[in-house]
Amino acid sequence: MVRFIAVIILFTPGVIGAFGIKLMRDALFADVYPILVNEGIQFFVGLIMFIGGLAFIGGYIYHRDKKKQLVKKRSKKT
């Protein structure tokens, strides 16, 4: 059950990011949704949705790799 909830938590931002790509594509081809008044607004909303979904999934992968000690430590050069 816990793994199913984890899959749902990762699946939702992926769907949001994919819908953001669709909104950006539709804005470029001048296919505007009735809720979003302008192509520019639609593109911006799609960009925010895409970046948000990508950042969530990327942050999850980074956190998981850091927990499993797969991320190298940065060396400070002073």
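A few points about this structure:
- Spatially, the stretch 17-36 and the stretch 40-68 are offset by 18 Å when compared through their Cα centroids.
- Rel. contact order, % - alpha carbon contacts under 8 angstrom, at least six apart, the stretch 2-67: 39 percent
- Nearest 10 degrees, 0 to 90: helix 39-67 Cα axis against the chain principal axis: 10 degrees
- Angle of helix 2-28 to the longest C-alpha principal axis of the chain, folded into 0 to 90 degrees and rounded to 10: 40°.
- For the stretch 2-67, Kirkwood radius (reciprocal of mean inverse C-alpha pair distance, Å): 12.7 Å
- In the chain, helices alone account for a calculated mean residue ellipticity at 222 nm of -26000 deg cm²/dmol, with every DSSP H run of four or more residues adding -39,500 (n - 2.57).
Taken together, the values in this text are just the output of simple stated rules run on the coordinates, not laboratory data. This one's a predicted model, so the numbers in the text were calculated from it and none came from an experiment.
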